[in-house]
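Following: one structure in structure tokens, then a few remarks.
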Amino acid sequence: MADEPLLRVRDLSVHFPTPDGLVRSVDGLSFDVRAGEILGVVGESGSGKSVAGKAILGLHEPGQSVTTGEIRYAGRQVVGAAEEELRQLRGSEIAMIFQDPLSSLHPYFTIGDQLSEAYRVHNRVSRKAARARAVEMLTLVGIPAAARSYGAYPHEFSGGMRQRAMIAMALICDPGLLIADEPTTALDVTVQAQILQLIWDLSQEFGSAVVLITHDLGVVAETCDRVVVMYAGRCLEQADVVDLFERPMSPYTWGLLGSIPRIDETRGDLAPIAGQPPSLIDLPPGCSFEPRCGFAFGSCTSERPELSAAGSEDHLARCHLPVPDRQEIWRTQIAPAL
Amino acid sequence: MIRYAANRVLGALGVLLVASVVTFSIFQLLPRVTKVDMAFYYTGRNTSPAQAAAVSERFGFDKPVWEQYWTWLSGIVTGRDLGDGVSAVHCAAPCLGYSFRQNRSVTEMLVQAFPVTLSIVIGAAVLWLAGGVAAGVIAAARRGSWFDRGSTVISLLGVSIPEFFSGMLLIYALTAGPSWLRWYSGGITYVPFTQDPVRWAVNLLPVWFCLAFLITAVYTRWTRAAMLETMSEDFITTAKAKGLRRRTVVGKHGLRAVIPTVVTLAGLDLGALLGGVIIVEYLFSFPGLGRLAYDGISTKDLPVIMGTTLFAAFLIVVANVVVDACYAILDPRVRHGG
Amino acid sequence: MTAVTDPVAAAGTRSASRTRSPGRLALARLRRDRVSVAAGVFVALVLLASVFAPLICRVLGVDTERHIELLSLTNLGFPEGRFGGMSWDHPLGIEPKTGRDLLALLLYGSRTSLLIAFGATAVSVLLGIVFGLWAGYFGGWVDTVISRSTEVLMAFPVFLFSIALLAVLGNLDRVWFLTGNGLRMAILIFVIGFFSFPYTARLMRSQVLSLRTREFVAAARVMGSTNRRILVRELLPNLTGPIIVLTSLSIPTTVLAEAGLSFLGVGISPPATSWGQLLGAASRTFVVDPAYMLFPGLCMVATVLAFNLLGDGIRDAFDPKSTKS
């Protein structure tokens, strides 16, 4: 593992000015991604995870949003970089796949054309060579009859096949980082497993790092090396995946773990986290999770907690409760009930 | 694909049939409403009751309505003899009627008028398609710029200024206005292409601008709206994430997605286009289909009215079928859905 | 399972957004849009002017009497003086051949034009709602019949047809209790309204289709509401936004439709006036007397433009996602 992380995000904020107020979709987010690592970014809808993902590629329109903070990829600054610089990063160094492959692929161009195009943007090769590479990638991601599939349109494929094609398109220039924004949400459960396996396999084979954005803790547990838990635009906890599931150090994570339905046990009612996420225009002054937190006290309403070590150096959490107290609560109250 | 085409053609024939029924029945209304004998509309003279009765018998006005309809309809396909004996008139197929006032078959009049209207429509179409779509794309790409705001203003003006007003303004300016504008001091008349191509085009320019101004405005607004909507689609984000130039994202991915909508728009308001043509031909005194129809109406020449109405319906239906075919070519999703 | 969190009541009070009804939200947005407000004011002025036309005429000292003495005897009955005889007595000049004051004609003409436009819009929107709802909600063969009919109607050379139809119906003396100009106006309202309805019906139908699959309709049905209840109590209120937008965007079209028909001589004819009628009459003389064409034309264009701006503003107010610069 290299010392310098491949991707360094520090204090990232993405704000959208709207007539109704300033929407703080991402507010002071920090994390690292090391080369070859699979980082899961997990959170509810509206937690800012997709916005953060797009910000890494500089995909937010400068006129409609304000992005501050630092995003460094292999030492190069993304925030505030010129459009031409960003263009060279996109696709060749950092690639992104999206949630709905049907709407994310152009309906009027063939799959093959779109793949070739992705390749030729960053590589000066002939059409034939690009085509060959595209077919190669299609075969690699498990699409049968790749040569014929080259000339097919997106709507002719099934959901799983489309997502494979998107992955092929993303990896065709061999990027160092793949950002996968909820890649399995729109797919059947069985296909989900296949796609996740594919992402994992390709990450191993190509050595690319992956930022896997999802709302599904199960996906995270299956596939990721490290996890970032986001809530209302902020990171509330980040840790090694094993650490997160065995020793979670944030009330929000406890709530998340508690709300996962289990097939292998009989239980009473489902236990969601009561309440609603806060408005991103009207964020509470203190801890953003405080209104729904069963362990909130004094300073939680007024002071925003900092991200600090919780247990081990690699494990960070944002909570006012002292670490030993949290470990106690976890051991005695939460864990036994799960 | 074949089934789709067959479906559309069948539908078109159905529409034509209904149109013929409607045309026929409405114009049977005329004599009943005006309490003037049908004979008058066919002979163009004030006939005495005895003459009227004789004419009625000759032309079969005393026969039941559906029989008259059938005679008329089948006459369109096979040709027909009007009247009998020495003064019979043979109306060759396709027989759309015979105007006794002008002593010519309606078909002949249509054939003569059609090239004029075609010249007007095609020239205007080139203008509004090129101008309107281009303006709409640029306006959407440079949203909020001077060009965008300017084109919005001009578009709004364009849809608010009807052809008869802009036409009168143009004619006044070009024939009787200030000397530097008086380019057509000799008047604006139609010159057939075969007679003098240059003059044909020069004299058609004011007509083209008059007709196109309104429609260009509509196209600009629609294209701009369609482009703006398209630009917020997922596949545009994907295109950007691939590292494509902004020019390519808008001009290739964006525009291609919008073209079917624009084509549909072309087919949508052909009835309105015909209306515009009637007004323009009336104002500029160009001897096209519109003028023919109008003259027929003002002289209450029933065969002319019926013939031109049916022919206009035919043109619209054919144009709609052509537009549908284009749509199928441009949108692959339609081809496979049927 | 122990509750991890309390259902904290406080969470409810610090709620996300102050919810307002879509109507009020739209109104608030509309008020922020200065261009639309200006357009709205202009429209209101025009409406007031046409409603109070007789009063205004009396105040300004103009009337629709023929002032033949102001016409030139040597110049074929055209007004003496510049710009069609503009003067303090006749601020916009006079009409050729009849000598009537143009300002008065414009005021009374606006009445006719706007009345017909509003009437035709009402007919078109009402028909559109009825048939759109019917087709969209019930589907099946009803939908097929209605959709096919609108298709046929849209493929028809409607303008040409209305000209012919109006020429035919122009010979009617009385229908019911309507005669003369009143009859003429009623006929125009129905013809224009009827031929516009395929467009409105399609729009309404697609709106209904998108609403019909929403959960609140299924919920109402599960609760045992009859179809009619669902239509009136559930669907219609949700359609008021689109209906308002549709109405405001239809008015400019109907104004221009009446103007076009009257221009060609099959709409309003003298002694009644409308914008289209004035322009139609001007079409024979505008090279010599452009003022007679210019004033009614500008008046009409300004009004239609204002309606278009207002309609755009209303549409944007109801749906801010819709594309606006």
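Given the criteria surrounded by fewer than 22 Cβ atoms within 10 Å (Cβ to Cβ), at pLDDT below 85 and more than 8 Å from every other protein chain (Cβ to nearest Cβ), does B:ALA325 qualify?
Yes; evaluated as a whole, the condition is true for this residue.
Taking the conditions exactly as written (buried (at least 22 other Cβ atoms within 10 Å of the Cβ), at negative phi, more than 9 Å from chain C (Cβ to nearest Cβ) and out of contact with any Ser or Thr (no Cβ under 9 Å at 6 or more places or on another chain)), does A:MET249 satisfy them or not?
yes
From the set of residues in the range C:168-193 that are within 14 Å of another protein chain (Cβ to nearest Cβ) and under 15 Å from C:LEU256 (Cα atoms), which is surrounded by the most Cβ atoms within 10 Å (Cβ to Cβ)? Quick ask: steps written out before the conclusion?
Keep residues of the range C:168-193 that are within 14 Å of another protein chain (Cβ to nearest Cβ), which gives C:168-175, C:183, C:187, C:191-192.
So of that shortlist, the ones also under 15 Å from C:LEU256 (Cα atoms) come out as C:191-192.
Numbers: C:VAL191: 24, C:ILE192: 28.
Across the range C:168-193, the extreme among qualifying residues is C:ILE192.
Evaluate the range C:120-134: report whether one residue or more is without any contact (Cβ under 8 Å) to a residue 60 or more places away in the chain, in a helix (DSSP H, G or I) and within 14 Å of chain B (Cβ to nearest Cβ).
Taking every residue of the range C:120-134 in turn, none turns out to be without any contact (Cβ under 8 Å) to a residue 60 or more places away in the chain, in a helix (DSSP H, G or I) and within 14 Å of chain B (Cβ to nearest Cβ).
Step by step: first the residues of the range B:182-195, then only those that are under 21 Å from C:ALA282 (Cα atoms) and more than 22 Å from the chain's Cα centre (by Cα), then the one that is surrounded by the most Cβ atoms within 10 Å (Cβ to Cβ). Which residue is that?
B:TYR184
Quick one: in the range C:194-225, of everything that is polar (S, T, N, Q) and loosely packed, with under 15 Cβ neighbours inside 10 Å, which residue is nearest to the chain's Cα centre (by Cα)? Steps first, please.
Narrowing the range C:194-225 to residues polar (S, T, N, Q): C:196, C:200, C:206-207, C:210, C:213, C:225.
Now drop any that are not loosely packed, with under 15 Cβ neighbours inside 10 Å, which leaves C:206, C:210, C:213.
Details: C:SER206: 21, C:SER210: 26, C:THR213: 31 Å.
Among them, the one singled out is C:SER206.
Please tell me if B:ARG224 is outside any loop (DSSP other than H, G, I, E, B) and more than 14 Å from chain C (Cβ to nearest Cβ).
So B:ARG224 does not fit the description; no.
Kindly evaluate C:THR240 against the criterion of being surrounded by fewer than 20 Cβ atoms within 10 Å (Cβ to Cβ), closer than 20 Å to C:GLY193 by Cα, of a type outside the set (D, E, K, R) and more than 14 Å from chain B (Cβ to nearest Cβ).
Criteria met by C:THR240.
Could you go through the range A:239-246 and let me know if any residue there is in a strand (DSSP E or B) and buried (at least 21 other Cβ atoms within 10 Å of the Cβ).
Yes, because at least one residue in the range A:239-246 is in a strand (DSSP E or B) and buried (at least 21 other Cβ atoms within 10 Å of the Cβ).
Give the residue, chosen from C:VAL287, C:VAL266, that is at the interface with chain B (Cβ under 10 Å from one of its Cβ atoms), more than 14 Å from the chain's Cα centre (by Cα) and surrounded by 24 or more Cβ atoms within 10 Å (Cβ to Cβ).
Checking each option against the conditions leaves just C:VAL266.
Would the range B:251-267 turn up any residue that is closer than 20 Å to C:LEU261 by Cα, more than 10 Å from chain C (Cβ to nearest Cβ), assigned to a helix (DSSP H, G or I) and in contact (Cβ under 8 Å) with a residue 40 or more places away in the chain?
No, the range B:251-267 has no match at all.
Out of A:LEU236, A:LEU244, which single residue is closer than 30 Å to A:THR18 by Cα and modelled with pLDDT of 85 or more?
Numbers: A:LEU244 fails: closer than 30 Å to A:THR18 by Cα.
Just one listed residue meets the conditions, A:LEU236.
Would you be able to say whether some residue in the range B:211-221 is among the polar types (S, T, N, Q) and surrounded by fewer than 20 Cβ atoms within 10 Å (Cβ to Cβ)?
Within the range B:211-221, none of the residues are among the polar types (S, T, N, Q) and surrounded by fewer than 20 Cβ atoms within 10 Å (Cβ to Cβ).
Can you name the residue in the range B:283-305 that is surrounded by fewer than 22 Cβ atoms within 10 Å (Cβ to Cβ) and modelled with pLDDT of 85 or more and is also farthest from the other protein chains (Cβ to nearest Cβ) among such residues?
B:PRO287
Answer yes or no: is there a residue in the range C:141-154 that is within 7 Å of chain B (Cβ to nearest Cβ), in contact with a helix residue (DSSP H, G or I) (Cβ under 6 Å, 6 or more places away or on another chain), in a helix (DSSP H, G or I) and touching a residue at least 60 places away in the same chain (Cβ under 8 Å).
No, the range C:141-154 contains no residue that is within 7 Å of chain B (Cβ to nearest Cβ), in contact with a helix residue (DSSP H, G or I) (Cβ under 6 Å, 6 or more places away or on another chain), in a helix (DSSP H, G or I) and touching a residue at least 60 places away in the same chain (Cβ under 8 Å).
Name the residue that is nearest to the chain's Cα centre (by Cα), counting only residues in the range B:128-152 that are facing chain C (nearest Cβ under 10 Å), surrounded by fewer than 23 Cβ atoms within 10 Å (Cβ to Cβ) and not basic (Lys, Arg).
Checking each candidate, the answer is B:THR152.
Enumerate the pairs (first residue in the range A:232-243 and under 15 Å from A:VAL211 (Cα atoms); second residue anywhere and assigned to a helix (DSSP H, G or I)) with beta-carbon separation below 7 Å, excluding pairs fewer than 6 apart on the same chain, so at least 6 apart or on different chains.
From residues that are under 15 Å from A:VAL211 (Cα atoms), the pairs are A:VAL241/A:VAL220; A:VAL241/A:ALA221.
Does the range A:259-274 contain at least one residue that is in contact (Cβ under 8 Å) with a residue 40 or more places away in the chain and of a type in the set (A, V, I, L, M)?
So far as the range A:259-274 goes, yes, one or more of its residues are in contact (Cβ under 8 Å) with a residue 40 or more places away in the chain and of a type in the set (A, V, I, L, M).
Go through the range A:285-314 and give me each residue that's in a strand (DSSP E or B) and in contact with a Leu (Cβ under 8 Å, 6 or more places away or on another chain).
Step one: filter the range A:285-314 for residues in a strand (DSSP E or B), giving A:307-310, A:312-314.
Once the filter is applied, which keeps residues that are in a strand (DSSP E or B) and in contact with a Leu (Cβ under 8 Å, 6 or more places away or on another chain), the range A:285-314 yields A:LEU307, A:SER308, A:ALA309, A:ALA310.
Please enumerate the residues belonging to the range A:67-91 that are hydrophobic (A, V, I, L, M, F, W, C) and surrounded by fewer than 14 Cβ atoms within 10 Å (Cβ to Cβ).
Once the filter is applied, which keeps residues that are hydrophobic (A, V, I, L, M, F, W, C) and surrounded by fewer than 14 Cβ atoms within 10 Å (Cβ to Cβ), the range A:67-91 yields only A:ALA82.
Could you grab the pairs with beta carbons closer than 8 Å, sequence gap of 6+ or different chains, first residue in the range C:241-256 and closer than 9 Å to C:ILE314 by Cβ and touching a residue at least 60 places away in the same chain (Cβ under 8 Å), second one part of a helix (DSSP H, G or I) and of a type in the set (Gly, Ala, Ser)?
C:VAL245/C:GLY311; C:SER248/C:GLY311; C:LEU249/C:GLY311
If B:ILE236 passes every condition in (1) aliphatic (A, V, I, L, M); (2) within 21 Å of A:ASP100 (Cα to Cα); (3) more than 10 Å from chain C (Cβ to nearest Cβ); (4) surrounded by 20 or more Cβ atoms within 10 Å (Cβ to Cβ) but one, which one does it miss?
For B:ILE236, the exception is condition (4).
Among the residues of the range B:237-250, which ones are of a type in the set (Lys, Arg) and in a helix (DSSP H, G or I)?
Once the filter is applied, which keeps residues that are of a type in the set (Lys, Arg) and in a helix (DSSP H, G or I), the range B:237-250 yields B:LYS240, B:ARG246, B:ARG247.
The values are calculated or read from the model by the stated rules, or taken from the named source; none is laboratory data. Quick caveat: nothing in here was measured; it's all calculated off a predicted structure. For neighbour counting, all protein chains shown are included, and Cβ atoms are generated from backbone atoms with ideal geometry for every residue, glycine included.
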